[in-house]
Amino acid sequence: MTFTLAFSALLLLNLGLKLWLAGRQMRHVAQHRSAVPADFESVIDLPTHQKAADYTLAKLRLGHWDMAIDAVLLLAWTLLGGLSLLDTMLMAWIGPGMLQQLALVLGFMLIGSVLNLPVSWYQTFKVEQQFGFNKMTMGLWISDLLKGAVVGLVLGLPLIWAVLFLMQIGGHYWWLMAWVLLVAYQLLVMWIAPTYIMPLFNKFQPLEDAQLKARVDQLMQRTGFQSDGFFVMDGSRRSAHSNAFFTGLGKQKRVVFFDTLLQQLNINEMEAVLAHELGHAKLNHIPKAMVRGFLVSLVGMAALGWLSTQVWFYTGLGVMPHLSSANDALALLLFLQVVPLLTFVTTPLRSARSRKHEFEADAFASQHANAADLRQALIKLYKDNASTLTPDPLYVTFYHSHPPATQRLARLTA
Ligand SMILES: [Zn+2]
């Protein structure tokens with residue numbers, strides 16, 4: 001009972017906090033819609049600024065639906081007895097055993113994904129479409145969905161099976177073994193993603209532009225990296241938004257440009273953007289984040305190891321544990337429902353660290369490329385992606401992984 005109350009209070013706190021922050025952001029963006037901020041008057045015109053405001057507001061409005069669906073779904077699965085019902089039905093149909101547990105996890109994920117489809121569809125074909133960003137056809141959207149489901153099953157099913165198996169036979173320290181498995185699995189997926197998974201969704205072609213290639217190569221040598229090839233990805237098949245990224249572990253880096261980025265930026269600006277990305281790599285932002293993630297998941301697995309043996313953990317969340325067969329899948333699913341409620345309140349810590357890393361990568365880029373070029377590139381990207389220049393400061397503190405445009409550009413000018 002106490003646990004049920006604590007869970008309900010946490011759910012309400014989460015929802016209240018999310019709604020309050022979104023409300024603040026909406027008011028702030030709407031209030032600043034009528035004028036371009038002084039620092040940007042010479043580079044961004046009023047229609048562009050207003051488009052960014054409207055786009056931000058449209059995404060926030062859709063976000064309300066997303067929050068509502070998530071909260072209702074969470075309640076339906078737990079306190080309203082949804083998970084218990086699905087479990088009972090599958091038990092009557094399949095009988096106790098590993099197959100029933102796997103079916104429970106799959107059924108749970110399938111129902112959740114299907115219920116989230118309307119928001120995802122609306123996001124792509126209404127919001128992104130309305131602002132001219134969507135390049136996807138309905139056919140591509142469906143084929144992405146099916147491919148994603150197949151990849152998810154092929155990669156996910158063996159992992160779920162292995163975790164459930166360890167829960168069953170691993171004794172008191174199953175969670176430690178499961179954690180080692182999770183870490184190994186995550187590294188494996190990172191390793192095979194660029195060569196085996198990403199090509200299922202996009203085409204990667206070697207960069208043709210010899211001039212740009214030479215510039216990027218020099219930049220990488222200057223900063224102590226070896227390039228494992230430069231590729232152009234057909235991001236424009238799905239969206240007009242642009243990006244560039246690195247893949248590969250260690251010093252060998254494969255550089256991937258979205259074709260949309262190549263259209264938007266000139267060669268100097270490209271170099272500056274890449275220097276920023278190399279800054280992240282040089283300062284080990286990614287491995288550090290991974291190690292932190294692994295430590296957090298170790299704590300999480302230990303908590304799951306303990307919670308899965310506590311009857312109140314099940315009954316408090318609307319589920320009757322079985323007396324004569326395994327409850328491992330139930331424990332896993334309930335745990336995955338509760339954890340986001342706890343980690344949400346720590347979002348500002350992660351956001352603050354990420355914003356600090358962005359400043360560091362900008363400083364690195366100013367050192368190894370030209371700060372003025374990076375400034376130009378950022379302004380173009382803010383414009384082309386319709387990012388708001390006037391976010392609510394508290395919303396930024398809580399959610400934003402990147403510092404606001406005004407602060408970033410001010411530092412690059414200094
Ligand atoms: Zn960055």
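In the stretch 381-413, the residue that is farthest from residue 366 (Cα to Cα) out of those that are open to solvent by less than 20 Å² (accessible area, probe 1.4 Å) and more than 16 Å from the ligand (Cβ to nearest atom) is 392. Evaluation of residue 233 against the conditions (1) touching a Phe, Trp or Tyr at 6+ places or on another chain (Cβ under 6 Å); (2) farther than 24 Å from residue 189 by Cβ shows that the sole unmet condition is (2). Of everything in the stretch 119-155, what is open to solvent by 80 Å² or more (accessible area, probe 1.4 Å) and assigned to a helix (DSSP H, G or I)? Give them in sequence order. 121, 122, 126, 129, 130, 138, 146, 150, 153, 154, listed by residue number. The helices (runs of 4 or more DSSP H) found entirely in the stretch 303-376 that carry 3 or more residues being away from the ligand (no atom under 15 Å from the Cβ) and over 28 Å from the mean Cα position of the chain (by Cα) are 311-315.
Being under 20 Å from the mean Cα position of the chain (by Cα) and outside any helix (DSSP H, G or I) is a condition met by no residue of the stretch 160-173. Scanning the stretch 51-76 for residues that are in contact (Cβ under 8 Å) with a residue 24 or more places away in the chain, open to solvent by 20 Å² or more (accessible area, probe 1.4 Å) and under 19 Å from residue 330 (Cα atoms) yields 73, 75.
Tell me, yes or no, whether the stretch 234-245 has at least one residue that is within 15 Å of the ligand (Cβ to nearest atom), touching a strand residue (DSSP E or B) at 6+ places or on another chain (Cβ under 7 Å) and open to solvent by 40 Å² or more (accessible area, probe 1.4 Å). Yes: the stretch 234-245 contains one or more residues that are within 15 Å of the ligand (Cβ to nearest atom), touching a strand residue (DSSP E or B) at 6+ places or on another chain (Cβ under 7 Å) and open to solvent by 40 Å² or more (accessible area, probe 1.4 Å).
A residue that is assigned to a helix (DSSP H, G or I) and farther than 30 Å from residue 316 by Cβ occurs nowhere in the stretch 4-11.
Of the residues making up the stretch 247-278, those that are among the small types (Gly, Ala, Ser) and either modelled with pLDDT under 90 or over 18 Å from residue 230 (Cβ atoms) (or both) number 2.
Which of the residues belonging to the stretch 187-204 are of a type in the set (Phe, Trp, Tyr) and closer than 14 Å to residue 254 by Cβ? Walk me through it before giving the result.
From the stretch 187-204, those of a type in the set (Phe, Trp, Tyr) are 191, 196, 201, 204; that's our starting set.
Hits for the stretch 187-204 are 191, 196, 204.
Would you please name the residue that is surrounded by the fewest Cβ atoms within 10 Å (Cβ to Cβ), looking only at residues in the stretch 257-289 that are farther than 22 Å from residue 375 by Cβ and in contact with a helix residue (DSSP H, G or I) (Cβ under 8 Å, 6 or more places away or on another chain)? If you could, list the steps in order and put the result at the bottom.
Taking the stretch 257-289 as the starting set, the residues that turn out to be farther than 22 Å from residue 375 by Cβ are 259, 284, 286-289.
Retained after the next criterion (residues that are in contact with a helix residue (DSSP H, G or I) (Cβ under 8 Å, 6 or more places away or on another chain)): 259, 286.
Values: 259: 17, 286: 14.
It comes out as 286.
Consider residue 71 carefully, then state whether it is small (Gly, Ala, Ser) and touching a helix residue (DSSP H, G or I) at 6+ places or on another chain (Cβ under 8 Å). Walk me through it before giving the result.
Details: small (Gly, Ala, Ser): yes; touching a helix residue (DSSP H, G or I) at 6+ places or on another chain (Cβ under 8 Å): yes.
When the stated conditions are applied, residue 71 passes them.
The values are calculated or read from the model by the stated rules, or taken from the named source; none is laboratory data. Because the structure is a prediction, the values reported are computed rather than measured. Neighbour counts run over all protein chains shown; Cβ positions are idealised from the backbone, glycine included. Just so you know, the surface numbers come from the protein's heavy atoms only, side chains and all, with ligands and any DNA or RNA stripped out. Shrake-Rupley method; radii C 1.70, N 1.55, O 1.52, S 1.80 Å.
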